[in-house]
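Just below is one structure, and these are the notes that go with it.
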Amino acid sequence: MSPEGKSLLNIFILGFGFMFMFTAFQTCGNVEQTVIKSYNSSGFHGSGYTSMSIIYGVFSASNLIAPSVVAVVGPQLSMFFSGLVYSGYIAMFIHPFTWSFYTASVLVGIAAAVLWTAQGNLLTINSTDATIGRNSGIFWALLQFSLFFGNLYIYFAWHGKDTITDKDRQTVFISLTVISLVGSFLFFLIQRPEPVVVPKETQEPPLPAENSESSSVVVPPQGLWSQALEAFKKAIQLSVTKEMLLLSISIAYTGLELTFYSGVYGTSIGAMSQFGHDAKGLIGLSGIFIGMGEILGGGVFGMLNKCNRFGRNPVVLLGLVTHYVAFYLIFLNIASDAPIAPEEGTHMQAFIPPSVEVALLCSFLLGLGDSCFNTQLLSIVGYIFREDSAPAFAVFKFVQSIAAALAFFYSNYLLLHWQLLIMVGVGFLGTLTFFMAEWLVICRRRDSDYDSI
């Protein structure tokens, strides 16, 4: 197999591994607040929103050390052991206790930082400047199939149910645990990539350094601890570069809307008593439509790679417009107290009679818009910081997880319309700063072209 073929195979294996893992974990996150509300135990006092807030809060802090762990252990083993922790978190729901629930939340936060840093590293070392956009799209589309399969299972398992029994919960979470473990073991199939020789005339010139200290390739000193310290220092340096600071608002926006579509929106649909006895089953159906939007966006804007000549800005703008349409329709269709309604649901009505069709259309639009932002962010970060991919993606996840932790925290208290308003404002600012970062990349590439003449 050619080096390019081997690298492409690695991307597919990486995508399938994440697809299995997050079929389990994203489905877990989507239904855990509903499951907890239905759990009959006087000894359990947990909140799904609080758990996810802990996960993303610890995730953000752990990103400071994640590059060091990946540098010492290697990306493949880092992803495998992180996957085992994810599986443990899911298995905890088979018979949950308050202490195990929150302890597992902390451990998953640490594992998530290592997992996503290793993923960004593997994605970058298996890509070239010409294939980073395509590979980002392939990975993203495969990852988002997890929303389709997991939520399809939830829809059929809980179809027509008002409450979730202990047997229902145990059956679902045993299945999800096994699926997660399969994904973890798939990472062992990834092979070491070989360098791809690209003809001179087809190579994109690298971005010129802003200064020699922040962008030169650092050869770490001998010894594991020195290597780990060097990775930590590099992450700190990259976090204050002009490009990363500009991209940070866009990355933070993806954290806010990740919280919304992966937890808040599904819970809100399940709380709408006007949707009838099938409201709980609609949580799974909503996740399926989110996944369809994610897969379509990942395929069109990444795998097909048709929009390269127009740059990344039009795709990000499309993502913002798509989200704005979804937010407006959600505002009209879902009751404002739905995210924080009790187990029996809400009887309030929004501005139009509640419509299942409109709710599912919004799910699709949320997924499509999210894929627009994430495929382009993965592409631009992988391109700009090619030589320092592990610390760069650690910074990426640091910013994203802080925003997600904050959003899961305020989701316990804020009504729906306030949550939508926050995303509208941050999304607008994030799109503007992404445009600035992309234009900076284009200008530096043009300057580099002139210098090479």
> How far, in nm, would the chain grow between E357 and Y328 when pulled straight, counting 0.36 nm per residue and subtracting the alpha carbon separation?
Replying inline: 9.0 nm
> Among residues other than L143 whose Cβ falls under 13 Å from its Cβ, what is the net charge (Lys/Arg +1, Asp/Glu -1)?
Replying inline: -2
> Nearest 0.05, what FRET efficiency do R192 and L421 give at R0 = 51 Å with Cβ-Cβ as r?
Replying inline: 0.60
>> Just the number please: accessible area per residue for the stretch 106-162, 1.4 Å probe, all protein chains included, in Å².
In response: 28
> Which value in nm describes the separation of the simple spin-label points at M348 and L245, placed 7 Å from the Cα toward the beta carbon?
Replying inline: 4.1
>> For the ranges 423-435, 104-116, what's the packing order if you count other beta-carbon atoms within 10 Å of each residue, average per peptide, and put the highest first?
In response: 104-116, 423-435
> What is the extension gain from K6 to L84, computed as 0.36 nm multiplied by their sequence separation minus the C-alpha to C-alpha distance, in nm to one decimal?
Replying inline: 25.5 nm
> What relative contact order, as a whole-number percentage, does the stretch 321-453 give when Cα pairs under 8 Å and 6 or more residues apart are counted?
Replying inline: 31
> Going by average Cβ neighbours within 10 Å, how do the peptides 313-325, 254-266, 125-137 rank, with the highest at the top?
Replying inline: 254-266, 125-137, 313-325
> When the accessible area of the stretch 125-174 is split by element with a 1.4 Å probe, what percent falls to carbon and sulfur?
Replying inline: 66
>> If you roll a 1.4 angstrom probe over the protein chains with everything in place, what fraction of the accessible area of the stretch 310-453 belongs to carbon and sulfur, to the nearest %?
In response: 72
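The values are calculated or read from the model by the stated rules, or taken from the named source; none is laboratory data. Everything numeric in this text was worked out from a predicted model, so none of it was measured. All Cβ positions, even for glycine, are placed from backbone atoms using ideal geometry, and neighbour counts span all protein chains on display. For the accessible areas, the whole protein counts, side chains as well, though only heavy atoms, and no ligand, DNA or RNA atoms are used. Shrake-Rupley method; radii C 1.70, N 1.55, O 1.52, S 1.80 Å.
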